[in-house]
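K.L.:
Here it is: the structure, laid out below.
The values are calculated or read from the model by the stated rules, or taken from the named source; none is laboratory data. Please read these numbers as outputs of a predicted model, since none were measured by experiment. Counting neighbours? That spans all protein chains shown, and the Cβs are built from the backbone with ideal geometry, glycine included. What goes into the accessible areas is simple: the full protein's heavy atoms, side chains included, and nothing from ligands, DNA or RNA. Shrake-Rupley method; radii C 1.70, N 1.55, O 1.52, S 1.80 Å.
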Amino acid sequence: MNEAVSQGNEKQCPALTAGVDEVGRGALAGDVFAAAVILDKEKSIDGLKDSKQLSEKQRVNLYYEIKEEALCFSIGRANVLEIDSLNILQASLLAMSRAAKALSVQPKFVLVDGLHVPEWNYSAKAIVRGDSKVMAIAAASIVAKVTSCLLYTSDAADEEDSVDLGGRRII
């Protein structure tokens, strides 16, 4: 992760740069989640990379380390009704916007995974495959993925109509 800003290197970005990523766009059912993370430049988190390249155990361990070491993080969510009324892309952008706005420290700059940046007042840049190029986006990818799994697992624990997907009960 040592490329120029145009390729996603947050070292050359302003202080208080947030990474934003979403999870759930490819799902057949359920909400879409997004996370925003501002990493603490004074603390290093080893092993950050795209959540899809990590095992479940690695993701969970990094999730707790990110929660402990990041300057701040937040989650945004768009529900099924919003997805149906807006479309999945607009609902994903809505979840990303909610995540960024919920940060306890507001960013000066935001790097977003993908092709599109939500309509907001932040200076921002979309980076294709940003979750494999930018540590803050990789952290957001991990937080979004683990949060989604934890919520669906706990939501499904008491539901009779949940299904078992690889050891996880998902509604």
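K.L.:
Of the accessible area of the stretch 44-94, with the probe set at 1.4 angstrom, what percent is carbon plus sulfur?
P.N.:
50 percent
K.L.:
What's the local net charge at His116, with K and R +1, D and E -1, over the other residues with C-beta under 13 Å away?
P.N.:
The answer is -2.
K.L.:
For the stretch 61-127, just the Cα set please: Rg and Dmax, both in angstrom.
P.N.:
According to the Cα coordinates of the stretch 61-127, Rg and Dmax are 13.0, 37 Å.
K.L.:
Calculate, for the stretch 15-64, the solvent-accessible area per residue in square angstrom, rolling a 1.4 angstrom probe over the heavy atoms of the protein chains.
P.N.:
Accessible area per residue: 53 Å².
K.L.:
Between Leu151 and Leu86, what is 0.36 nm times their sequence separation minus the Cα-Cα distance? Round to one decimal in nm.
P.N.:
Extra length available between Leu151 and Leu86 comes to 21.1 nm.
K.L.:
Where nothing but the Cβ of Lys and Arg (+1) and of Asp and Glu (-1) is charged, how large is the charge dipole of the stretch 28-160 around its Cα centre, in debye to the nearest 20?
P.N.:
660 debye
K.L.:
From the alpha carbon gyration tensor of the stretch 18-161, can you work out the equivalent ellipsoid semi-axes (sqrt of 5 times each eigenvalue) and give them in Å, largest to smallest?
P.N.:
They are 22, 19, 13 Å, listed largest first.
K.L.:
Over what distance in Å are the Cα centres of the stretch 131-148 and the stretch 59-81 separated?
P.N.:
Cα centroid to Cα centroid, the span is 8 Å.
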